[in-house]
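Novice: What follows is a single structure, and I will ask about it in a moment.
Bear in mind that the values in this text are calculations on the coordinates, not laboratory data. If you're wondering where the values come from, they're calculated on a predicted model, not measured in any experiment. Here the Cβ positions follow ideal geometry from the backbone for every residue, glycine too, while neighbour counts run over all protein chains shown.
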Amino acid sequence: MAIEIVNEIKNAEAKAEGIINSANSKSKEMIDNAMTSGQEQYNNIIEQSKLDAEKILERATDEALKDSEPITIRGINEIHIINKLDQDKRGSAIKLIIERIVNIHGNS
């Protein structure tokens, strides 16, 4: 009877060791799966954040260009006005010089 009890204890210990090994194996597998899943989620979040940032930057750029268009047009118009004034002033200066030269040489 004592031998039977010792054998039962050995069998129980072997089963317990098998259960422990199985639990350790399953826990390692669960940890590996969790790490893989976590890394995948991290990569997805980073990728989505990059896409969101690109969209925000694109919208901001479009809005800035839209806002700057009237300023650019106004600047171009002012440049044309300034160039026109310069041409008028140049024309007046040329006429004045011609008149003086003709008057000086015409009176001599």
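Novice: For the stretch 75-90, does any single residue satisfy the condition of being small (G, A, S), within 41 Å of the chain's Cα centre (by Cα) and surrounded by 10 or more Cβ atoms within 10 Å (Cβ to Cβ)?
Specialist: Within the stretch 75-90, the first condition is being small (G, A, S), and the residues that meet it are 75.
Filter once more, so that each one left must be within 41 Å of the chain's Cα centre (by Cα): 75.
Still in the list and also surrounded by 10 or more Cβ atoms within 10 Å (Cβ to Cβ): 75.
Yes, there is a match, as at least one residue in the stretch 75-90 is small (G, A, S), within 41 Å of the chain's Cα centre (by Cα) and surrounded by 10 or more Cβ atoms within 10 Å (Cβ to Cβ).
Novice: Turning to a different aspect of this structure: What are the pairs, 6+ residues apart or on separate chains, where a residue within the stretch 66-77 that is assigned to a helix (DSSP H, G or I) has its Cβ under 9 Å from a residue that is surrounded by 10 or more Cβ atoms within 10 Å (Cβ to Cβ) and aliphatic (A, V, I, L, M)?
Specialist: As it stands, the answer is none, since no pair meets every condition given.
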